[in-house]
Amino acid sequence: MAKMMALQKPTAAAGAKLIEAEIPKCGPLDVLVSVKATSICGTDVHIYEWDAWAAGRIKPPLIFGHEMAGEVIEVGNTVKGFSVGDHVSAETHISCGACFQCRTGNSHICEQVKILGVDTQGVFAEYVALPASNAWKNDKSFPHDVATAQEPLGNAVHTVFDGDDANLAGQTVTMFGCGPIGTVACAVCKAAGANKVIAIDINDYKLSLAKKFGADVLINASTQDVVKEVLAQTNGKGADVFLEMSGAPSAFSQGLKSLRAGGRASILGIPSKPVEINLATEIVFKSAKIQGINGRLMYKTWYRAASLLSSGKVKLQELVTHKFPMSEFEKAFETMMSGKSGKIVMYPGK
């Protein structure tokens, strides 16, 4: 069997290992993709560090990673719509297509969902066999090292536009957490007509990157009173929209306290432990609209993200701040964990 280089979580412990693995077979419903670029997500860091979440979810040995861009080199014999040579990225929620959620237009929260690189072999490898239903065709003029960031862009787009009250024209938005998703969400908000985007983080590097992506006001939560600053920026009214991207327990309370009455909160960030909030004052009496966000709508979010990219109103190039050959994965993860990076791209086979 032909071999490939891959990055594997070999055992239930911190770290990862470069291995030589068999190139996966292309099933009748798959496309076999030569991975040209892949990027590191916060989920990959959880797996790499082997925290409590990873220990309870991941079953080593596993090739991990889920953000990618590459070129189709083989097409399953029942697949339609894809050809050898197509450039693709991956929707990472692999749905069953038969459960209640899938049959009612909510396949992103499929009852039997499997996550690429979490529940299945992932994309930190030279090749991946991807269900054709999860392949998203890219414009060939779009560089692979930028196209790999479309999956987190989709998270941002879903969070910004979710819900019945998703019109941001003229509105003030608080963005809690300026990792790659929160950062690019600033640009999405401005493209959607937001009047003011207030970015909140504890990391000055991340705040400066959010500024490049359209944030109008920067608040460092480690040195400033977040609620006081947001109220000052909104003439005491509070923000119209609160977008939670950090997962930090303090952000939930601060975001809700600084949200105006009748405002909308969309929550993507995942806290590591239960969060205590005052339901009466921060939600009920405010008549706040709270929405949980999981991944991307399949495939409405992808079409909307593609339109934002083609319009030029959202640019991903500056989100990619570091590039490494996959052989230097330790440096790549160290840089990611330093807090001084945007999206980090790795090149398999190098």
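A short reminder: the numbers here are calculations on the coordinates, not readings from a lab. Small disclaimer: the values here were computed from a predicted structure and weren't measured. Virtual Cβ from ideal backbone geometry, glycine too; neighbours counted across all protein chains shown.
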Practice task
Just order 30-40, 236-246 by mean Cβ neighbour count inside 10 Å, highest at the front, would you?
Solution key: 30-40, 236-246
Practice task
Indicate the gyration tensor shape class of the stretch 1-144 (rounded, prolate or oblate), computed on the Cα atoms with a ≥ b ≥ c the square roots of the eigenvalues: a/c under 1.5 is rounded; otherwise a/b larger than b/c is prolate and the rest oblate.
Solution key: oblate
Problem - Summed side-chain charge close to Ala239 - residues other than Ala239 whose Cβ falls under 10 Å, Lys, Arg +1, Asp, Glu -1 - result: +3
Fill in the blank from the handout: Under the rule rounded for a/c under 1.5, else prolate if a/b exceeds b/c, else oblate, using alpha carbon gyration tensor axes a ≥ b ≥ c, the stretch 156-292 is classed as rounded
Handout entry: Qualifying aspartates and glutamates (Cα of each under 14 Å from Cα of Lys140; at least 8 residues distant if same chain)
Key = Glu71, Asp86
Exercise for the section: Would you work out which of Ala37, Ala199, His66 lies farthest towards the positive end of the dipole of the chain, given +1 charges on the beta-carbon of Lys and Arg and -1 on that of Asp and Glu, about the Cα centre? Expected result: Ala199
Exercise for the section: Starting from the Cα gyration tensor of the chain, multiply each eigenvalue by 5, take the square root, and state the resulting semi-axes largest first in whole Å. Expected result: 35, 21, 19
Exercise for the section: Pick out the long, greasy-scoring helices in the chain: whole DSSP H runs spanning 15 Å or more along their own axis by Cα, mean Kyte-Doolittle at least 1.0. Expected result: 180-191
Fill in the blank from the handout: For the stretch 1-158, the dipole about the Cα centre with charges only on Cβ (Lys and Arg +1, Asp and Glu -1), to the nearest 20 debye, works out at 300
Practice task
Note down the net charge around Leu256, summing +1 for each Lys or Arg and -1 for each Asp or Glu among other residues with Cβ under 14 Å from its Cβ.
Solution key: +1
Fill in the blank from the handout: Checked against a 25 Å limit on the C-alpha separation, the offending pairs among Lys25/Lys114; Lys114/Lys340; Lys315/Lys340 are Lys114/Lys340
Practice task
Out of all DSSP beta bridges with both ends in the chain, state the antiparallel percent to the nearest 5.
Solution key: 55
Fill in the blank from the handout: From fewest to most C-beta neighbours within 10 Å, the residues Thr92, Thr120 line up as Thr120, Thr92
Problem - Residues of type aspartates and glutamates that Lys17 reaches as a straight line, Cα spacing below 12 Å, ignoring anything fewer than 8 places off in the same chain - result: Glu328, Glu330
Problem - Cα-based Lys pair tally, the stretch 156-292, threshold under 15 Å, eight or more apart or on separate chains - result: 11
Handout entry: Span from the the stretch 49-108 Cα centroid across to the the stretch 277-320 one, whole angstrom
Key = 21
